[in-house]
Structure formats: C-alpha cells, structure tokens
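Asker: The structure follows.
The values are calculated or read from the model by the stated rules, or taken from the named source; none is laboratory data. Since the structure is predicted, the reported quantities are computational estimates derived from the model, not experimental observations. Note: ideal-geometry Cβ built from the backbone for every residue, glycine included; neighbour counts use all protein chains shown.
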Amino acid sequence: MTAAPRPHVYQAINQIVRAFSKSGIAKRHTNAAEQYQYRSIDDVLGRLGPLLARHGLCVLPRALRRESEDRAGDAGALLVSVRLLVAFDLVSARDGSRHVIKTWGEALDQGDKGTAKAMSAAFKGAMLQLFCIPIASADADSSSFRLKAHQTPEPVEGSSCWADGIADMIGACESDEALDRIRARQASLLGALSREKPELYVKIGERFSARVNVLAARKGKTGSPGATPSREANAAPKTNTRTPVALPTELEKTNV
C-alpha cells in the first residue's frame, strides 16, 4: 500500500528553516530612543522573499481584529495605538496544502500609519518565529514612545469653580435618588479630584454628608398619613434607619 504524499507546505517550511539556520539576518539598525540593535521589516523581506519563491511557498495575511485608542506621549503629543490580530495562510504553490498561524502586531503613530506599522510588526514577528530566525534581544521598530497614564481632563471652568457648582447642585437635591444621580454622572471627575485635588474632594464629601442628614431629618419629621395631631404628639419619635452615606475618601478605595 502506497503511503499518502506529505503536504508540501511543511516541506517548504522546513527547507526555509534550514536555509536560515546556516545564515541568519544581522541586526544592522539602531533604535534611536533606546539604543539597541534590531532587524527592519525590509531586512526580513529581502532575505525571505527569494526563499519563498524558490520553495514555492505563499504567505497570505488576513487581518482578523483591530483595536485602537488615543494615547498621550511625551510633551503632550497625541499618539494612536493600534493592535491587530493577523492570520497568515501559508499555502504551497505545488499542491495547494496550507497551514495557518496567527499573531498580534502593535504600533504607535502620530498620524495615519498605525495600522500599516502594526501589520508590518505582525508579519515580522510571525516570520521570525515560524522560520526560527534567532533573536538575541527584544525586537522593535526604529522609534519608541513614552506613554503617560490616562488622565481625566480638568473641567473647562477649573476644578475650584466646578467643585462649587457641584456643591450648589447637592444643596438643591430634594431626595437621596437625586444625590445618587450626581454621584453617578460625575464619577470620573470625582475620581480624578480625589487624586489631584483631595481638599476639594473632601469639601464635596462633606456637602454630600450634610445634605443626606438634612433629608434624613425631614423624613423623621413627616407623620404617617391620616394620623391626628394628638396621636402624632403622643407617639414616640420615628428613628431613621437609613445610615447617611457620605462621599468616600480616597483612603477607603471606594468608587464614587
């Protein structure tokens, strides 16, 4: 009984791995920001292209997923961070056999080149690992960016004026539900205030507590429906079972 022929795609991969094992790709470039050596995408394509053609192997990329967000770099520069999940179909030109690999590519850019850079990073990383090209150190593009932590923008009118306005809103609330709505709608700014202006955060917390106590006192003075003045006078005072909840301090680590 004749054994089934082996898929050519794996033979081609093996031949290319063998070629790179004899002569790798030198790191001829230097990262400008962090001063380490790396191999560029052109270095990889220049060596890999002829080998793919010689052994009849096609590499077909497919972007499966894209994620992006704006980030802040040094000196307030706006950077676009792009992450791509890419599949590479390795297809034999001889018998049509194929194998699929997937990898992520990431990039930062100040303009509209983030996606292209992320695709290049995914290709370079996938090919270096697939064909076992030795990597002596971390590989990256020729430039790097320093990122700052996410920051909530300060209110246009300034933190002090904004805090005074919130305090006035709290003083006008006529129910606990109204106070809860303020907490929910202003959660991000209140969280930023607790980190950057703790004295204003404490001031707003005290205003919340005072308003909760006022509302609780009003509820305690309200008689039950239909009660006569004499019955209300002789009845024991009602106890408000709700514990006033003040705005949490930063030390309590509670989300507002």
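Asker: Please specify each residue of region 52-104 satisfying the condition of being among the β-branched types (V, I, T) and closer than 29 Å to Y10 by Cα. Working first, answer last.
Answerer: Narrowing region 52-104 to residues among the β-branched types (V, I, T): 59, 80, 82, 86, 91, 100-101, 103.
Correct list: V59, V86, V91, V100, I101, T103.
Asker: Select the strands (runs of 3 or more DSSP E) contained entirely in region 32-115, then report the ones holding at least 3 residues which are within 30 Å of A19 (Cα to Cα) and touching a residue at least 40 places away in the same chain (Cβ under 8 Å).
Answerer: Working: elements: 57-72, 78-92, 98-109.
Ranges flagged: 57-72, 78-92.
Asker: Separate question: Which of (1) under 26 Å from the mean Cα position of the chain (by Cα); (2) of a type in the set (V, I, T); (3) modelled with pLDDT of 95 or more is the odd one out, the single condition V91 does not satisfy?
Answerer: Unmet condition: (1).
Asker: Going residue by residue through region 17-25, is there one that turns out to be modelled with pLDDT of 90 or more, of a type in the set (S, T, Y) and surrounded by 12 or more Cβ atoms within 10 Å (Cβ to Cβ)? I'd like the intermediate steps shown before the answer.
Answerer: Of region 17-25, the ones modelled with pLDDT of 90 or more are 17-20.
Add one more test, that the residue is of a type in the set (S, T, Y), and what stays is none.
Checked against the condition, which is being modelled with pLDDT of 90 or more, of a type in the set (S, T, Y) and surrounded by 12 or more Cβ atoms within 10 Å (Cβ to Cβ), region 17-25 yields no hits at all.
Asker: Do you know which of the residues in region 26-62 that are of a type in the set (S, T, N, Q) and at pLDDT 85 or above is surrounded by the fewest Cβ atoms within 10 Å (Cβ to Cβ)?
Answerer: Going residue by residue through region 26-62, those that are of a type in the set (S, T, N, Q) are 30-31, 35, 37, 40.
Add one more test, that the residue is at pLDDT 85 or above, and what stays is 30, 40.
Working: T30: 11, S40: 17.
This residue is T30.
Asker: Now, a different point. Right, K238: surrounded by 12 or more Cβ atoms within 10 Å (Cβ to Cβ), modelled with pLDDT under 90 and closer than 17 Å to P155 by Cα or not? Let's see the steps before the verdict.
Answerer: Details: surrounded by 12 or more Cβ atoms within 10 Å (Cβ to Cβ): yes; modelled with pLDDT under 90: yes; closer than 17 Å to P155 by Cα: no.
When the stated conditions are applied, K238 does not pass them.
Asker: When you go through (1) surrounded by 14 or more Cβ atoms within 10 Å (Cβ to Cβ); (2) at pLDDT below 90; (3) in contact with a strand residue (DSSP E or B) (Cβ under 9 Å, 6 or more places away or on another chain) one by one for I135, which number turns out not to apply?
Answerer: Here I135 meets the rest and fails (3).
Asker: Give the residue, chosen from V80, V17, that is under 20 Å from the mean Cα position of the chain (by Cα) and of a type in the set (V, I, T).
Answerer: Details: V17 fails: under 20 Å from the mean Cα position of the chain (by Cα).
It is V80.
Asker: Out of curiosity, is S68 crowded, with 16+ Cβ neighbours inside 10 Å and either among the hydroxyl-bearing types (S, T, Y) or outside the structural domain of T115 (by TED's automatic domain parsing) (or both)? Reasoning before the result, please.
Answerer: Details: crowded, with 16+ Cβ neighbours inside 10 Å: no; either among the hydroxyl-bearing types (S, T, Y) or outside the structural domain of T115 (by TED's automatic domain parsing) (or both): yes.
So S68 does not fit the description; no.
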